[in-house]
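Report on the structure given below.
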Amino acid sequence: MTENNRYALNKNLAQMLKGGVIMDVSTPQQAKIAQEAGASAVMALERIPADIRVAGGVARMSDPKMIKSIQEAVSIPVMAKVRIGHFVEAQILQEIQIDFIDESEVLSPADDKFHIDKTKFEVPFVCGAKNLGEALRRISEGAAMIRTKGEPGTGDIVQAVRHMRLMNAAIKKITSMAEDELFEEAKQLEVSYEAVKYIHENGKLPVVNFAAGGIATPADAALMMQLGAEGVFVGSGIFKSGDPAKRAAAIVKAVTNYNDAKMIAALSEDLGEAMVGINESEIKILMAERGK
Amino acid sequence: MRIGVLALQGAFIEHIHKLQALGIDTFEIRQPADLQTPCDGLIIPGGESTVIGKLLVELQLLTPLKNAIQAGLPVLGTCAGLILLAKTISNATQPGINTMDIVTTRNGYGRQLGSFNTVATFVGEKIPMVFIRAPYIQKVGPQVEVLGEVEGRIIAARQANMLATAFHPELTDDTQVYQYFIDMINQQDQRRVV
């Protein structure tokens, strides 16, 4: 028997989620709808981002009892969110055998300086990033998966697109650099030389990279996939829409066949009301600016 | 030799990279139109079996693939792929290909904290194995040959043209499982020639 390598196993779980859609759910009922619609995992949280925006105040980890009721309702992996830097919330989620922890800017940050030292945990973490520097810092802290931050709870895709393009552009730039330029690039990005060297040699992040924040339609999901995302998170976009089951199933199929415009056209028909959405210029709190 | 990899969801690109490293032509299967070209073998990858099963039905791939497997197309199913090939799932009801005479238990080792790696015997050779929220085979029918066990649980088996592993050969550097599958395809070819 070889020693179990938790970090490798955790990165492997993220690989199994690829090409899939991870959906925010607030009740066991919604979790079942999501699984039935083809979600590859669910994110259990008391309030979806759109409602967190409306409610204001401090948003915290969800009640473990509510998370457990969702674990019992579905057979797919269950994720849950903790506040940035709140390692005790993460200890609690590990204790109830969560499959993935999202150290998330959607909740109110618990620490305005330090993220959780994720290398100290057995369960995997996913973290948001709006550029390559943030992504590589989260990975060096032990994140097994990265997602764009986007702007959660808005139904506005513009920030997720911006973050994905920024990350891709930075990766392309590094792959074309001379080796002796990598040291300065590491300094600029505030990350280790080894991290930059990995990007230089492989042309991609060392972990799976999903899109999140503002995805509301099959076309939004396919857009993010064509921009290079390996899967998508859909938060408020499903259960804030007119026909959640139908919309969820359509987004799942759009992610599988993201290059097939004919199919996405058919999937986009008759989905009912999309979530209303807020423009990025109309919102008071930019969640993406939390945790850098 | 040309092998199709079911690319609806999950770790399909990892299989494609392994096959390419062995010099084998591959193609992705996402919809019925992808099945128009000749194919010597099929791989059903790891991922979420509920998602892949549902998409197989909705994208009208279930019947053509099931027919091809029943007609003798060599198939390798890994993890979720094993679940989809199994005739019976002991602890779930969900759509699948259901051609292999095995009973499987989904999430047999529990949640992610139960995921593990080990070195164990596959057809007489010790190889590294990665289990991610993996199933195991609880029972096999009389036509099924057991190819590997870990701590008393069956984790690899073959029935005629169908090969299934609970672990992920696409996640390690080892190629034993692929070699075995390629041999299966070659034997099939010889039979066809005969």
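The values are calculated or read from the model by the stated rules, or taken from the named source; none is laboratory data. Remember, it's a predicted structure, so these values are computed and weren't measured experimentally. Heads up, the Cβs are rebuilt from the backbone with ideal geometry, glycines too, and the neighbour counts pull from every protein chain shown. The area values use the complete protein model at the heavy-atom level, side chains included, leaving out ligands, DNA and RNA. Shrake-Rupley method; radii C 1.70, N 1.55, O 1.52, S 1.80 Å.
Just a few scattered comments:
- Set side by side, the residues B:Ile83, B:Ile69, B:Ile43, B:Ile52 differ, and just one is in a strand (DSSP E or B) and either crowded, with 18+ Cβ neighbours inside 10 Å or in contact with a Cys (Cβ under 7 Å, 6 or more places away or on another chain) (or both), which is B:Ile43.
Let's see how each residue does on (1) surrounded by 18 or more Cβ atoms within 10 Å (Cβ to Cβ); (2) of a type in the set (Lys, Arg); (3) on the phi > 0 side of the Ramachandran plot; (4) more than 22 Å from the chain's Cα centre (by Cα):
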| site | (1), (2), (3), (4) |
| --- | --- |
| A:Pro218 | yes, no, no, no |
| A:Gln226 | no, no, no, no |
| A:Ala229 | yes, no, no, no |
| A:Gly235 | yes, no, no, no |
| A:Asp243 | no, no, no, yes |
| A:Ile251 | yes, no, no, no |
| A:Asn257 | yes, no, no, no |
| A:Lys262 | no, yes, no, yes |
| A:Met275 | yes, no, no, no |
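- If you go through segment A:2-13 and keep only what is assigned to a helix (DSSP H, G or I) and facing another protein chain (nearest Cβ under 10 Å), you end up with A:Arg6, A:Ala8, A:Leu9, A:Asn10, A:Lys11, A:Asn12, A:Leu13.
- Within segment A:241-258, residues that are more than 10 Å from chain B (Cβ to nearest Cβ) have Cβ atoms under 9 Å from residues that are of a type in the set (Phe, Trp, Tyr) and open to solvent by 30 Å² or more (accessible area, probe 1.4 Å) in these pairs: A:Ala248/A:Phe239, counting only partners at least 6 apart in sequence or on another chain.
- Lone unmet requirement of (1) of a type in the set (A, V, I, L, M); (2) at pLDDT 95 or above; (3) open to solvent by 60 Å² or more (accessible area, probe 1.4 Å) for A:Ile199: (3)
- The condition (being small (Gly, Ala, Ser) and loosely packed, with under 14 Cβ neighbours inside 10 Å) is satisfied by just one residue among A:Ala144, A:Ala169: A:Ala169.
- Residues in segment A:277-292 that are open to solvent by 60 Å² or more (accessible area, probe 1.4 Å) and more than 13 Å from A:Lys130 (Cβ to Cβ): A:Asn279, A:Ser281, A:Glu282, A:Lys284, A:Ile285.
- Count - residues of segment A:6-58 that are more than 26 Å from B:Pro45 (Cβ to Cβ), hydroxyl-bearing (Ser, Thr, Tyr) and open to solvent by less than 40 Å² (accessible area, probe 1.4 Å): 1
- Residue match in segment B:133-152 (condition: within 11 Å of chain A (Cβ to nearest Cβ) and of a type in the set (S, T, N, Q)): no
- Residue in segment A:74-85 that is more than 25 Å from A:Asn209 (Cα to Cα) and either of a type in the set (Ser, Thr, Tyr) or out of contact with any Lys or Arg (no Cβ under 8 Å at 6 or more places or on another chain) (or both) present: no
- Residue list for segment A:35-71, filter: in contact (Cβ under 8 Å) with a residue 40 or more places away in the chain, touching a helix residue (DSSP H, G or I) at 6+ places or on another chain (Cβ under 7 Å), more than 30 Å from A:Asn257 (Cβ to Cβ) and part of a helix (DSSP H, G or I): A:Ser69
- Among strands (runs of 3 or more DSSP E) entirely within segment B:108-194, having at least 2 residues that are out of contact with any Asp or Glu (no Cβ under 8 Å at 6 or more places or on another chain), surrounded by 21 or more Cβ atoms within 10 Å (Cβ to Cβ) and at positive phi singles out no element at all.
- Candidate set: segment B:67-108, residues that are among the β-branched types (Val, Ile, Thr) and more than 14 Å from chain A (Cβ to nearest Cβ); chosen: the one farthest from A:Ile76 (Cα to Cα): B:Ile69
- Scanning segment A:85-100 for residues that are open to solvent by less than 40 Å² (accessible area, probe 1.4 Å), among the hydrophobic types (A, V, I, L, M, F, W, C) and assigned to a helix (DSSP H, G or I) gives A:Ala90, A:Leu93.
- Checking A:Ile76 against (1) outside any helix (DSSP H, G or I); (2) within 24 Å of A:Met275 (Cα to Cα); (3) touching a residue at least 40 places away in the same chain (Cβ under 8 Å), the condition it does not meet: (2)
- Hits in segment B:1-40 - residues which are touching a residue at least 40 places away in the same chain (Cβ under 8 Å) and not in a helix (DSSP H, G or I): B:Met1, B:Ile3, B:Val5, B:Leu6, B:Leu8, B:Gln9, B:Gly10, B:Ala11, B:Leu22, B:Ile24, B:Asp40
- Test: residue in segment B:109-121 that is more than 11 Å from every other protein chain (Cβ to nearest Cβ) and over 20 Å from B:Met184 (Cβ atoms): yes
- One residue alone among A:Ala143, A:Ala135 is farther than 23 Å from A:Ile48 by Cα, in contact (Cβ under 8 Å) with a residue 60 or more places away in the chain and not charged (D, E, K, R), and that residue is A:Ala135.
- Residue in segment A:16-30 that is of a type outside the set (Val, Ile, Thr), within 12 Å of another protein chain (Cβ to nearest Cβ), in a helix (DSSP H, G or I) and in contact with a helix residue (DSSP H, G or I) (Cβ under 9 Å, 6 or more places away or on another chain) present: yes
- A single member of B:Gln20, B:Gln9, B:Gln31, B:Gln36 is at the interface with chain A (Cβ under 7 Å from one of its Cβ atoms) and surrounded by fewer than 22 Cβ atoms within 10 Å (Cβ to Cβ), and it is B:Gln31.
- Of all positions in segment A:75-84, at least one carries a residue that is open to solvent by 10 Å² or more (accessible area, probe 1.4 Å) and more than 8 Å from every other protein chain (Cβ to nearest Cβ).
- Residue count for segment A:101-118, restricted to those that are assigned to a loop (DSSP other than H, G, I, E, B) and over 13 Å from the mean Cα position of the chain (by Cα): 11.
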